[in-house]
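Asker: Structure below; questions to follow.
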Ligand SMILES: NC(=O)c1ccc[n+]([C@@H]2O[C@H](COP(=O)([O-])OP(=O)(O)OC[C@H]3O[C@@H](n4cnc5c(N)ncnc54)[C@H](O)[C@@H]3O)[C@@H](O)[C@H]2O)c1
């Protein structure tokens, strides 16, 4: 199939692009390189350096005639969304509408959308929570992701285009930008390898559910099934706090500096842990990478990048 991947110069979508090419699909990447890197784009992919808000996007869609669109381009920092909510909405709501609109108008069969299980529910009432949990996001980023989901469902209802929404918890692993604003495992790993100070926000007590990149790629491969539709969490159901991440990474990197505890940041949830039972039942997908092993793989990767 011919697949458009937005954000394909970034962490998650470049790994998905590798997989789709390996599976024999034709891959076209759209990315404005604001946060991604040209070296992440696989040699076998066609590349448009373009903003997802570009008014000429429709011409690319008309020319290429995609079967599937996998939409990952986004501003993905919760903190940036709190600081600059309008900028966040321009990419994460308006950019999404432009992509879905172009897809619906050019006969795309299915849109796969990367949403966020760590933010669309807001402070959870159940642990782990499933897809039926209430949506009360506490950050502009979470509000935007949820709005984008609803726009995609609107386009699906009105234009008949199939869709799948994959709500990831916190993704980690190779190619995550350790100098970015999000991705605590990447940030800690690089800082520890460089012997720099690390800060544990929320006094280290905030909890997250970390899912490894290969498991996320596997979910995106299964999402190509044209008969599969709906909203699915992509999560491990394992909840750990920042002290756990710090202690394990410090051990793997021989880091001896003390923990520096910092305050909570507005927009960051206290606890996040989700159930992926629904996608397991629908497709057999399960998280295969245990966190401790994933941390070892991730540190190995950043050692090669020093
Ligand atoms: N990393 C996570 O833990 C996580 C969790 C849940 C959901 N997600 C979602 O997954 C997707 C990918 O996240 P990531 O961690 O790979 O981030 P990333 O920053 O590595 O990748 C995002 C890519 O989108 C591109 N981009 C940004 N704005 C653009 C625009 N206006 N036009 C064109 N391209 C643009 C960037 O250049 C970058 O290559 C995002 O939608 C994010 O919200 C990520």
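What follows is calculated from the coordinates using simple rules that are stated; it is not laboratory data. Remember, predicted model here, so these are calculated numbers, not experimental data. Methodologically, a virtual Cβ is constructed for each residue, glycine included, from the backbone with ideal geometry; neighbour enumeration extends over all protein chains shown.
Asker: Before anything else, pin down the relative contact order of the chain: Cα pairs under 8 Å, at least 6 apart, normalised by residue count, whole percent.
Answerer: 18
Asker: Provide, as a two-decimal number, the C-alpha radius of gyration of the chain over 2.2 N^0.38 Å, N being how many residues it has.
Answerer: 0.96
Asker: Using the alpha carbons of segment 203-280, what is the convex hull volume per residue in cubic angstrom, as a whole number? Before the final figure, lay out each step's value.
Answerer: On the way: hull volume 8.5 nm³, N = 78.
Output value, Cα hull per residue: 109 Å³.
Asker: Considering just Cα atoms, how many Å³ per residue does the convex hull of segment 1-152 enclose?
Answerer: Numbers: hull volume 17.2 nm³, N = 152.
In segment 1-152, the Cα convex hull volume per residue is 113 Å³.
Asker: Another question, then. In whole Å, how far is the Cα centre of segment 167-200 from that of segment 206-271?
Answerer: If you average the Cα positions of each part, the centres end up 11 Å apart.
Asker: Could you sort 280-290, 88-98, 187-197 so that the peptide with the highest average Cβ count within 10 Å comes first and the rest follow in order?
Answerer: For the peptides 280-290, 88-98, 187-197, the packing ranking is 88-98, 187-197, 280-290.
Asker: Where does the chain land at 222 nm, in deg cm²/dmol rounded to the nearest 500, when only DSSP H runs of n ≥ 4 count, each adding -39500 (n - 2.57), divided by all residues?
Answerer: For the chain, the value works out to -11000 deg cm²/dmol.
Asker: Between 212, 154, 121, which gets the highest mean-square fluctuation from a Gaussian network model of the chain, Cα cutoff 10 Å?
Answerer: Comparing 212, 154, 121 in the GNM, the peak value goes to 154.
Asker: How large is the convex hull of the Cα atoms of segment 1-88 per residue, expressed in Å³ as a whole number? Kindly include the intermediate steps, with their values, before the conclusion.
Answerer: Details: hull volume 7.8 nm³, N = 88.
Here the figure is 88 Å³ per residue.
Asker: Then there is this: Given q = 0.14, 0.26, 0.28 Å⁻¹, what are the Debye log10 I(q)/I(0) values for segment 239-299, with equal point scatterers placed on the Cα positions and solvent ignored?
Answerer: -0.62, -1.14, -1.18
Asker: Using alpha carbons only, how many degrees (0 to 90, rounded to 10) separate the axis of helix 213-222 from the longest principal axis of the chain?
Answerer: Computed tilt is about 20 degrees.
Asker: Roughly how large, in nm² to one decimal, is the mean projection of the convex hull of the alpha-carbon atoms in segment 137-229?
Answerer: That works out to 7.7 nm².
Asker: Which value does Rg/Rh take for segment 154-293 over its C-alpha atoms, Rh per Kirkwood?
Answerer: Working: Rg = 17.3 Å, Rh = 16.6 Å.
Across segment 154-293, the Cα-based Rg/Rh ratio is 1.04.
Asker: If you fit an axis through the alpha-carbon atoms of helix 140-159 and take the longest principal axis of the Cα set of the chain, what angle between them do you get, 0 to 90°, nearest 10?
Answerer: 20
Asker: Rank-order 199-208, 4-13 by packing density, defined as the average count of other C-beta atoms within 10 Å over each peptide's residues, highest first.
Answerer: Peptide ranking by packing, descending: 4-13, 199-208.
Asker: Could you let me know the centre-to-centre spacing of segment 67-113 and segment 1-23, using Cα atoms, in angstrom?
Answerer: Answer, in whole Å: 16.
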